[in-house]
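Heads up, the thing below is written out as C-alpha cells.
The values are calculated or read from the model by the stated rules, or taken from the named source; none is laboratory data. Since we're looking at a predicted model, the values are computed, not measured. Because the Cβ atoms are built from the backbone with ideal geometry, glycine has one as well, and the counts that use them run over all protein chains shown.
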Amino acid sequence: MNDLDDNDPPPDEIRDAKTIARRTLALFGTVGVALGAPRDDVLQWLKESNLWDELSPLEGAYLSDINPTRRQNIDATWKSEGLTVLLWALGKISVLPAPNQQCDTSIFQKLLPPYASISAADFISSAERRSDDALLAMADELMDLHWHARDAQINGREMSADLDIEIIQERHLAINWAIGYDGLPWDEVTTDT
C-alpha cells in the first residue's frame, strides 16, 4: 500500500554534488549573458560542454531570445544570488555575503569554466558538496530571513536595514532547489515562509 497520497509532493531529496555542479554551470551561462557575456559564445560553450539540456525552460527561452526584454535581463541578473548559493553548496566559497549585500559577480569567472582553468567536465566530475546538515541549516537560515523580510513587507513595517528581500528570495530559491524542496525543478521551486 502506498503511504503517499497522489496529491502529496514528492519527498525532499538533497541533490548530489554533480547535479548541483551541472545546475551551477547552466545558471552561470544564463547569468553571464545577463551580465554582458556574448550570447553566441555562451550558447556555443553550453552546447559544446553538454550543458544545454541542463538549462531550465525559462533559461533556455531567455538564452534563445535574441531580443530579451529588459525585465528578462533584470530577472536573469538577479539569478547571480542563487548562483552564489550553489557555489557555497559546492564549497567553492566559504560564506555567503550578508543578506543585504549583493554578491560579487567577479568571483564567478575566477571559479567557473570556461574562464577558470578547469573544464566543465572536470568541474562536474570533481564536484563535492557540503554536508546534508550544512545545506539544511542554510535552508532554515534563509527561510527565517525571508520570513522576517516578508513579515515586515506584508505588515507595512519598515524592513530591517540588514535585510534585502530580493537578495534573500533568490538565495532561498537556490537552497530550496539544492535540498530538493518538494522535488521541484528549478523554475518551479517555491520559497515558502
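In the range 112-135, what residues are farther than 24 Å from Ile74 by Cβ and crowded, with 16+ Cβ neighbours inside 10 Å?
The answer is Pro113, Pro114, Ala120, Phe123, Ile124, Ala127, Arg129, Arg130, Leu135.
Identify, from the list Asn73, Asn50, the residue that is surrounded by fewer than 19 Cβ atoms within 10 Å (Cβ to Cβ), closer than 25 Å to Ser126 by Cα and in contact with a helix residue (DSSP H, G or I) (Cβ under 9 Å, 6 or more places away or on another chain). Can you show your working first?
Working: Asn73 fails: closer than 25 Å to Ser126 by Cα.
Going through Asn73, Asn50 in turn, just one is surrounded by fewer than 19 Cβ atoms within 10 Å (Cβ to Cβ), closer than 25 Å to Ser126 by Cα and in contact with a helix residue (DSSP H, G or I) (Cβ under 9 Å, 6 or more places away or on another chain): Asn50.
Hey, can you tell me all the residues within the range 164-186 that are among the hydrophobic types (A, V, I, L, M, F, W, C) and at pLDDT 95 or above?
Ile165, Ile167, Ile168, Leu173, Ala174, Ile175, Trp177, Ala178, Ile179, Trp186
Please state which one of Ala116, Ala120, Ala61, Ala98 is among the aliphatic types (A, V, I, L, M) and in contact with a Ser or Thr (Cβ under 6 Å, 6 or more places away or on another chain).
Selected residue: Ala120, the only one of Ala116, Ala120, Ala61, Ala98 that is among the aliphatic types (A, V, I, L, M) and in contact with a Ser or Thr (Cβ under 6 Å, 6 or more places away or on another chain).
I'd like to verify a number: residues in the range 53-67 that are without any contact (Cβ under 8 Å) to a residue 40 or more places away in the chain, surrounded by fewer than 18 Cβ atoms within 10 Å (Cβ to Cβ) and either in contact with a helix residue (DSSP H, G or I) (Cβ under 6 Å, 6 or more places away or on another chain) or in a loop (DSSP other than H, G, I, E, B) (or both), how many?
So the count comes out to 3.
Report every pair of residues separated by at least 6 positions or lying on different chains whose Cβ atoms are under 8 Å apart, first residue within the range 89-115 and closer than 23 Å to Ser126 by Cα, second in a helix (DSSP H, G or I) and of a type in the set (Lys, Arg).
Here the result reads Leu96/Arg171, each pair linking the range 89-115 to a residue that is in a helix (DSSP H, G or I) and of a type in the set (Lys, Arg).
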